[in-house]
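Below is one structure, written out as structure tokens, with a few remarks after it.
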Amino acid sequence: MAKELDGFHFEQNHGKARVRVARVWRADGGGGDQSMVEWSVDIILFSDCINAYVRDDNSDIVATDTMKNTVYVKAKECSQQLSAEEFAILLAKHFTAFYPQVTSAVVKIVEKPWERVNLNGQPHEHGFKLGNEKHTTEAVVKKSGGLQLTSGIAGLSVLKTTQSGFEGFVRDKYTALPETRERMLATEVTAIWRYTYDSISSVPQKPLYFNERYLDVKNVVLSTFFGPPKEGVYSASVQSTLFQIEKALLLRFPDISSVRLKMPNIHFLPVNISTKDNTIVKFNDDVYLPTDEPHGSIEATLSRFWARM
Ligand SMILES: O=c1[nH]c(=O)c2[nH]c(=O)[nH]c2[nH]1
């Protein structure tokens, strides 16, 4: 929240970060399928509480400890399983509706990737194991009911052993990289997409709608990155593959208005070892040195004309 203060411009907000909560939903009577989520919740409130900064008067402050408690109260009240997006909206709406001085609230959630275990092809009723990539979301809610909603995937590590190359780039006296049509391609995808829903009342009411969307988006990312199982699809650069993913997402999902992708180029370097007299290992698209750093950093946002991330 911004204000003129003693001839200066002042902006402030406060909140609670990394409130961890797990919620279990048990079928009636406790038998049968049980489901669970584990969330790390960040809350930021924009509220009129200037007096706390300038007059040692805390009477307008919603304590961050109260924000933390609210996460547990609201989790308790959710008797049906819901998506991280729905919980973020519900919490943010609560803070703006319940406190007169709160004008807007931001709630971010990172969901831990607990997945139901399959044993001998059978889904376990109450057994979960930790997967890899994470479902993230951020809801910004105004007192008026105005909404900005984004969701994301973090840490989706993917690699293909062929169907990737990099040619025709700038060559100058600093350039050593050979051109190639055969290399490994590895990245850790971070995707953030914005939904078109601009008010709380316009959000789809279908249960777990956003979980379904998350899985659909992940599917489009994977199928565009890899191509069909047998022949795959050639990637001329990380940039080209990144753009194809973003375009596929906007063409497929009308309720997504923009997509940001980060796709670091995680290099697998050809191994060649030789002495001045003989060759010990000669690279033949077979032995690579995996690396974490340095890595290429490639990032882009694609938006519909009327929407900006
Ligand atoms: O797909 C790539 N994009 C680049 O911008 C780049 N730069 C580089 O050295 N290798 C690659 N690969």
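The values are calculated or read from the model by the stated rules, or taken from the named source; none is laboratory data. Note that the coordinates shown come from a computational prediction; the quantities given were computed from them, not determined experimentally. Neighbour counts run over all protein chains shown; Cβ positions are idealised from the backbone, glycine included.
Summary table below
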quantity: Residues (outside any helix (DSSP H, G or I), more than 11 Å from the ligand (Cβ to nearest atom) and within 15 Å of F225 (Cα to Cα)) located in the range 241-265; calculated: L261, K262
quantity: Among the candidates V170, V238, residue that is free of Cβ contacts under 8 Å to residues at least 60 places away in the same chain, within 14 Å of the ligand (Cβ to nearest atom), farther than 30 Å from V140 by Cα and of a type in the set (A, V, I, L, M); calculated: V170
quantity: Residue check for E138: over 27 Å from the mean Cα position of the chain (by Cα), touching a residue at least 24 places away in the same chain (Cβ under 8 Å) and not assigned by TED's automatic domain parsing to the domain that holds W193; calculated: no
quantity: Of residues in the range 223-235 being among the hydroxyl-bearing types (S, T, Y) and not in a loop (DSSP other than H, G, I, E, B), the one farthest from the ligand (Cβ to nearest atom); calculated: S223
quantity: Inter-residue pairs, beta-carbon under 9 Å, first at positive phi and in the range 68-88, second buried (at least 19 other Cβ atoms within 10 Å of the Cβ) and modelled with pLDDT of 95 or more, 6+ apart; calculated: none
quantity: Condition check for S35: under 30 Å from Q80 (Cα atoms) and not β-branched (V, I, T); calculated: yes
quantity: Search result, residues across the range 242-281 that are under 24 Å from I192 (Cα atoms) and touching a Phe, Trp or Tyr at 6+ places or on another chain (Cβ under 6 Å); calculated: D255, I256, V259
quantity: Checklist (1) β-branched (V, I, T); (2) farther than 22 Å from T136 by Cα; (3) under 23 Å from the mean Cα position of the chain (by Cα) applied to V19, failing item; calculated: (2)
quantity: Unique match (being without any contact (Cβ under 8 Å) to a residue 40 or more places away in the chain, of a type in the set (D, E) and under 30 Å from M36 (Cβ atoms)) among D292, D255, D216, D286; calculated: D216
quantity: Among the candidates K160, K93, K129, residue that is away from the ligand (no atom under 16 Å from the Cβ) and surrounded by 15 or more Cβ atoms within 10 Å (Cβ to Cβ); calculated: K93
quantity: Test: residue in the range 163-174 that is within 26 Å of Q239 (Cβ to Cβ) and not in a loop (DSSP other than H, G, I, E, B); calculated: yes
quantity: Sole exception among (1) within 30 Å of K3 (Cα to Cα); (2) in a loop (DSSP other than H, G, I, E, B); (3) touching a strand residue (DSSP E or B) at 6+ places or on another chain (Cβ under 7 Å) for V71, by number; calculated: (2)
quantity: Checklist (1) touching a residue at least 40 places away in the same chain (Cβ under 8 Å); (2) more than 17 Å from the chain's Cα centre (by Cα); (3) over 20 Å from R304 (Cα atoms) applied to P264, failing item; calculated: (2)
quantity: Residues of the range 284-307 classified as in a loop (DSSP other than H, G, I, E, B), of a type in the set (A, V, I, L, M) and at pLDDT 95 or above, total; calculated: 2
quantity: Odd one out for D57 among (1) among the charged types (D, E, K, R); (2) more than 30 Å from G131 (Cα to Cα); (3) in contact with an Asp or Glu (Cβ under 9 Å, 6 or more places away or on another chain); calculated: (3)
